[in-house]
1. If a residue must be surrounded by 14 or more Cβ atoms within 10 Å (Cβ to Cβ) and either of a type in the set (D, E, K, R) or in contact with a Phe, Trp or Tyr (Cβ under 6 Å, 6 or more places away or on another chain) (or both), how many such residues does the range 38-53 contain?
2. Name, by its number, the condition in (1) outside any loop (DSSP other than H, G, I, E, B); (2) surrounded by fewer than 16 Cβ atoms within 10 Å (Cβ to Cβ); (3) not small (Gly, Ala, Ser) that does not hold for TRP56.
3. Can you name the number of the only condition in (1) touching a Pro at 6+ places or on another chain (Cβ under 9 Å); (2) under 16 Å from GLU109 (Cβ atoms); (3) part of a loop (DSSP other than H, G, I, E, B) that ALA78 fails?
Amino acid sequence: MSRRRLILLAVALGPLLGVLGPGAAAPAPSTHTVRMEATSFQPADFAVRVGDTVVWRNEDPFPHTATSTAFDSKVVAAGGSWRYTPRAKGAFDYVCTLHPTMKGTLRVE
């Protein structure tokens, strides 16, 4: 196969195979769900990537919050939800300010 054809093939398939290095496309953002249920966060400790979306869904019959130094849902009513998209890496401990025994950690990679 000619050098020109190899280069064209690499350019065409590179993004699919992840061989273009630093200029290659990043994975598409994902959505993750945390259930507020039985006065706990489920999962309580989880990891996401910068740009992913996290949805806290309140499945209890009373309100909750998801509050840290990086984010604050305010009050999430029973049956409601709240979304957050992290823009910085780090580990963020959070709590329900209405039920302080409800604790979780969001790890952003």
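Read the figures in this text as sums done on the coordinates, not as results from a lab. These numbers were taken from a predicted model, which means no experiment stands behind them. In this analysis, Cβ positions are derived from the backbone assuming ideal geometry, glycine residues included, and neighbour counts consider all displayed protein chains.
1. Residues of the range 38-53 that are surrounded by 14 or more Cβ atoms within 10 Å (Cβ to Cβ), as a first pass: 40-42, 46, 48-53.
With either of a type in the set (D, E, K, R) or in contact with a Phe, Trp or Tyr (Cβ under 6 Å, 6 or more places away or on another chain) (or both) added as a condition, the list becomes 49, 52.
Count: 2.
2. Result: TRP56 passes all but (2).
3. (2) is the only condition that ALA78 fails.
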